[in-house]
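The values are calculated or read from the model by the stated rules, or taken from the named source; none is laboratory data. Treat the numbers as computed from the prediction; the structure is a model and nothing was measured. Here the Cβ positions follow ideal geometry from the backbone for every residue, glycine too, while neighbour counts run over all protein chains shown. When the accessible area is computed, the model is the full protein with side chains, heavy atoms only, and any ligands, DNA or RNA have been set aside. Shrake-Rupley method; radii C 1.70, N 1.55, O 1.52, S 1.80 Å.
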Amino acid sequence: THAKRISNRIGLSHEKEPEKIEQDLLKIFPQDYLKDINHLFVWHGRNTCIARKPKCDLCTIKDFCKFQKNY
C-alpha cells in the first residue's frame, strides 16, 4: 500500500498492480536495494505520506511529489 502510494505520488510508477509497480522500480533500482526501499516507503508512508492526511509540510521529498502540488 505504501509503496504504491509513494511510487505513484513521486512519479516512480503510474501502475496500480503491485507486480507492475515492482517492475517499474526494478528499472530504476537494483534488486539488492528493493528490500531497503520498501522499508523506506513503509516508514515514509506511516509517518509522513499518510493516505488521507499527508504531512506535506514536513516531507523531505515534496519537491518530487505531484500530490503535494495539489494539496
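For the stretch 14-28, what are the residues that are over 11 Å from the mean Cα position of the chain (by Cα) and part of a helix (DSSP H, G or I)? Those that are over 11 Å from the mean Cα position of the chain (by Cα) and part of a helix (DSSP H, G or I): P18, E19, K20, E22, Q23, D24, L26, K27, I28.
Answer yes or no: is there a residue in the stretch 29-36 that is surrounded by 14 or more Cβ atoms within 10 Å (Cβ to Cβ), in a loop (DSSP other than H, G, I, E, B) and touching a helix residue (DSSP H, G or I) at 6+ places or on another chain (Cβ under 8 Å). Checking the stretch 29-36: not a single residue is surrounded by 14 or more Cβ atoms within 10 Å (Cβ to Cβ), in a loop (DSSP other than H, G, I, E, B) and touching a helix residue (DSSP H, G or I) at 6+ places or on another chain (Cβ under 8 Å). Scanning the stretch 1-13 for residues that are outside any helix (DSSP H, G or I), modelled with pLDDT of 90 or more and more than 13 Å from I61 (Cβ to Cβ) yields one hit, S13. Contact annotation: residue pairs with Cβ atoms under 7 Å, 6 or more positions apart or on different chains, pairing a residue in the stretch 46-65 that is closer than 17 Å to A3 by Cβ with a partner that is of a type in the set (S, T, Y) and in a loop (DSSP other than H, G, I, E, B), are P54/T48; P54/Y71; C59/T48. The set of residues in the stretch 37-67 that are open to solvent by less than 60 Å² (accessible area, probe 1.4 Å) and of a type outside the set (V, I, T) comprises F41, H44, G45, C49, A51, P54, C56, C59, C65.
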